[in-house]
Amino acid sequence: VLPFTELGMPEAEAYFGAGLADTLSYKLGQLKQVLVLAPSSTRKFGGPGQDLTSIGALLGASALLEGTVRRGAGSLKVNARLVDIASGQQLWSGSYDRAGADLFAVQDEIATAVTEALHLVLSPEDAGRVTQTLTANLSAYDAYLLGQARMATRGKKQLDESVSYFRQAIRLDAGYALAHAALAEAIFLSSAYSETPIDWSTARVEAQAAAAQAQLLDAIGGEGYLAQAFVAMGDNDLGEGKDWPREYIGSLLLKAVELSPNNTSALKFAASYTDSEEEELELLQRAVQLDPRSGIIRMNLGDALARSGDRDAALQQYLSSIRVSDGKFVPAHMIVPFMLQFSWGQVDEAARWAGVFNRAYPNRDNTIGLLRALMGLGAWDKVEQVLNHPPAEMAYDDPVLLRQRVVLNLVRNDCDEVESAVARFEQKLSDLGGNSPQNVPAAVILEAARTAQGLCRIRNGQLIEARELLAAAQPELSNLAFPNIAALALRSQILLAALYKANGQAELAQQLLEQLLTAAAGVELLDVQGVGFSRFMALAVAGQPDAALAELEQVNDQGWTADWWLLDALAFDPDYAAVMADPRFKAIDRRLKDRVREMRESYLANPMPSAEALKLADIQPAE
C-alpha cells in the first residue's frame with residue numbers, strides 16, 4: 001500500500017496520505033491469506049506518475065494499492081486503485097467524495113474492495129477484522145498518525161514527541177487500542193534511545209498500563225501482546241529488579257505474530273527470542289519478505305545465517321542491508337569487515353570492504369575498521385597512510401589514532417616514535433579531561449601504550465625499567481573488565497608477570513596470570529579482539545605448554561590474525577621460549593604467517609571487492 005498523494009493539503013498535514021496507507025496496511029495485514037508489506041518499506045514511494053511495475057519489482061510485490069486524497073473543511077475526496085504488477089492491469093478502482101467524518105467508513109470500503117479484487121474468501125471473523133472500528137474520533141486518529149510518523153524516524157526528539165501524540169490520542173479516545181499499544185512501544189523506544197539516563201521504573205508504569213489496556217481493548221489483535229513484550233524487554237534491559245524469563249517474552253512475541261501475521265516488529269523480535277535456529281531463520285526470512293527495505297532486519301537475518309554456517313548467504317544479506325538503505329546503514333559498514341576478519345578469517349576481503357566504506361563514508365568507525373584490517377594483514381605502509389589522512393571528524397592526534405600509531409611504531413621497532421606517540425596521547429587525554437572520544441575508556445588505550453613502552457624497554461635490555469613502568473600502571477589497568485579490552489593481545493599483566501618471573505618474584509607472577517586467565521575464562525574468541533592470543537601467552541608464561549598450544553591452534557583455526565606480530569614478544573621468558581622451540585608451535589606459526597602473507601599480497605594486488613559484490617551493496621566507491 002503506497003502512501004496516498006495529498007492534493008491541495010497544507011504542509012502541516014503532509015503525514016495524512018502516509019497515515020491513510022498505514023491504516024489500510026494494518027487492516028489488510030490482519031489477514032493470514034495475504035502478505036502486506038510494511039509501511040517502513042513502502043513509505044518512500046508514492047506520488048503521481050511513478051513506474052508501478054518497477055516499484056513492485058523492487059519491493060517484491062504482486063500488486064500495489066495507490067491513490068490520492070484531498071481533505072478540506074468538512075470534506076474528503078479519495079481516489080484509489082489496485083494494480084497487478086505482472087500485467088500492469090488495474091484490478092480495481094474507486095472514488096469517494098464524502099463528508100470528512102466518513103473517513104473511517106471509506107477506509108473500510110477500500111479495504112473490503114481490495115479483498116474482493118484479490119478474490120480472498122473471508123470468514124466472518126476475518127471480515128470483522130478488516131472493518132473493525134479502530135477509533136471513531138478524527139482528532140484522536142490525527143494525533144495517532146502524527147505519533148506514528150515521528151516514531152518511525154527513531155530520532156530521540158521525535159520519539160519523545162510521539163509519546164506526547166499517543167497520550168493525546170488516548171485522552172481523546174480512551175478506547176483506542178492501537179494508540180495504547182503505540183504509547184507503550186514509544187515509551188520503550190524513547191527510553192532505549194535516550195542519550196541520558198532514564199528512570200525506567202517510573203516510565204514503565206505508564207508503559208505497562210498502556211500495554212495492558214491495549215490487550216484488554218483488542219483481545220484478538222497482536223499489538224497488545226507486542227506492547228507487553230516491549231515492557232518486559234524494558235524491565236530486563238533498563239530496569240532494576242525485574243528479570244523476565246526469555247520464554248515468557250518469547251511467548252508474548254509468538255502470540256503477537258500469530259494474531260498479527262504481517263507485523264514485522266513482532267516477527268523481528270520473536271526471532272531473537274526463540275531457541276530454535278530453524279524458527280529464527282523462518283521468522284526473519286518472513287520479516288525480510290514483508291519489510292524488504294529494512295536494513296536492520298536484513299542484518300539480523302545475516303547474523304542468523306552466519307550462526308548457521310551459511311557465510312555466503314549471510315554476506316549477501318549484510319550487503320543488501322546497505323543497498324536497501326541507500327548505502328547509509330552504518331551498522332552494516334561495521335559488521336561486514338568485522339565478520340570477514342574475525343569470524344571468517346578473510347582479512348584481505350575485510351580490508352577491501354573497509355576501504356570501500358571509508359572512502360564512501362569517511363568517519364571514525366569506518367576508519368578504525370580499515371586500520372584493524374590493514375594491521376591484521378601487516379600492511380604497515382597502508383596503515384601509515386590512513387593514520388596520516390584521518391577523516392574530518394578525527395583529528396590527527398585523536399587518541400584512538402595515537403594508539404594505532406604506537407602499535408605501528410612498535411612493530412617497526414622505532415621506540416623513539418613509540419615514546420613520542422605515547423607522550424602525545426597522554427597530553428591529548430589531559431586536554432580532554434581524562435576522557436577518550438566515543439566513550440572509549442581511556443585505560444583501554446593506555447593498555448596498548450604501556451605495553452608498547454614496556455616492550456621497547458625490554459628490547460633495549462632495560463628489564464628493571466620495564467617492570468617499574470608496568471608495575472606503576474598496574475593498579476589502573478587491572479581494574480579493566482576483560483571484555484572491554486580492544487588493545488593489544490599481549491596484556492600488560494602478562495608482560496609484567498614475565499618480568500616478575502625474571503626478577504625471582506614467582507608468586508606475584510602467578511597471581512597476575514591467574515587473575516587474567518580467570519577473567520578470560522568464559523570469553524569467546526570473537527567477543528574480544530586478541531583474547532585467544534592473550535590466553536596462549538598467559539598459559540605459556542605460566543608453564544602450561546600443552547594448554548597454550550591448544551589455545552593457539554584454536555586461534556589459528558579461527559583465522560585470527562589481528563596480533564600475530566606479537567608472538568615472539570615474550571621470548572626472554574624461559575617457559576615461553578620453550579613453547580616457541582616446540583615443533584608444534586613452529587608449525588602453527590608458519591601456517592599463520594604464510595596465510596597472512598598470502599592475504600596481504602592478494603589485497604595489495606587488488607584492493608577492491610568484486611564488481612558483483614559492489615553491485616549487491618550498491619555503493620559507488622570514491623576514487
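Values computed for the structure shown
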| quantity | calculated |
| --- | --- |
| Residues being under 14 Å from Val336 (Cβ atoms) and part of a loop (DSSP other than H, G, I, E, B) - total across region 280-312 | 0 |
| Some residue of region 64-71 being open to solvent by 50 Å² or more (accessible area, probe 1.4 Å), more than 31 Å from the chain's Cα centre (by Cα) and of a type in the set (A, V, I, L, M, F, W, C) | no |
| Tabulated pairs, region 417-430, first on the phi < 0 side of the Ramachandran plot, second of a type in the set (Phe, Trp, Tyr) and buried (at least 16 other Cβ atoms within 10 Å of the Cβ), C-beta under 8 angstrom, 6+ apart or interchain | none |
| Candidates Ala314, Ala421, Ala350 - the one that is touching a Pro at 6+ places or on another chain (Cβ under 9 Å) and of a type outside the set (D, E, K, R) | Ala350 |
| Residues located in region 265-280, provided they are open to solvent by 20 Å² or more (accessible area, probe 1.4 Å) and within 21 Å of Ser40 (Cα to Cα) | Ser265, Lys268, Phe269, Ser272 |
| Candidate set from region 340-397 (those that are charged (D, E, K, R) and within 29 Å of Leu432 (Cα to Cα)); member that is nearest to the chain's Cα centre (by Cα) | Asp365 |
| Count of region 82-105 residues which are part of a strand (DSSP E or B) and either closer than 19 Å to Leu59 by Cα or touching a helix residue (DSSP H, G or I) at 6+ places or on another chain (Cβ under 8 Å) (or both) | 9 |
| Residues that are open to solvent by less than 10 Å² (accessible area, probe 1.4 Å), assigned to a helix (DSSP H, G or I) and not aliphatic (A, V, I, L, M), drawn from region 559-584 | Tyr576 |
| Candidates Ala270, Ala332, Ala313, filtered to the one that is at pLDDT 95 or above, under 23 Å from Leu189 (Cβ atoms) and among the small types (Gly, Ala, Ser) | Ala270 |
| Residue in region 147-154 that is in contact (Cβ under 8 Å) with a residue 60 or more places away in the chain, in contact with a Leu (Cβ under 7 Å, 6 or more places away or on another chain), within 22 Å of Thr42 (Cβ to Cβ) and surrounded by 15 or more Cβ atoms within 10 Å (Cβ to Cβ) present | no |
| Of the criteria (1) at pLDDT below 90; (2) open to solvent by less than 10 Å² (accessible area, probe 1.4 Å); (3) more than 26 Å from Arg154 (Cα to Cα), which one Gly327 fails | (3) |
| The one condition in (1) hydrophobic (A, V, I, L, M, F, W, C); (2) open to solvent by less than 40 Å² (accessible area, probe 1.4 Å); (3) under 29 Å from Ala140 (Cβ atoms) that Ala61 fails to fulfil | (3) |
| Check on Ser260, touching a residue at least 40 places away in the same chain (Cβ under 8 Å) and of a type in the set (S, T, N, Q) | yes |
| Yes/no for Val130 being open to solvent by less than 50 Å² (accessible area, probe 1.4 Å) and not hydroxyl-bearing (Ser, Thr, Tyr) | yes |
| Matching entry among Ala540, Ala587 (being open to solvent by less than 10 Å² (accessible area, probe 1.4 Å) and either over 28 Å from Asn358 (Cα atoms) or part of a helix (DSSP H, G or I) (or both)) | Ala540 |
| Any hit, region 51-58, residues being in a strand (DSSP E or B) and touching a Phe, Trp or Tyr at 6+ places or on another chain (Cβ under 6 Å) | no |
| Any hit, region 16-33, residues being open to solvent by 60 Å² or more (accessible area, probe 1.4 Å) and in contact (Cβ under 8 Å) with a residue 12 or more places away in the chain | yes |
| Filter result for Ile458 (over 36 Å from the mean Cα position of the chain (by Cα), surrounded by fewer than 18 Cβ atoms within 10 Å (Cβ to Cβ), modelled with pLDDT of 90 or more and outside any loop (DSSP other than H, G, I, E, B)) | no |
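The values are calculated or read from the model by the stated rules, or taken from the named source; none is laboratory data. Everything numeric here is computed off the predicted structure, so don't read it as measured data. For neighbour counting, all protein chains shown are included, and Cβ atoms are generated from backbone atoms with ideal geometry for every residue, glycine included. With ligands, DNA and RNA removed, areas are computed over all heavy atoms of the protein, side chains included. Shrake-Rupley method; radii C 1.70, N 1.55, O 1.52, S 1.80 Å.
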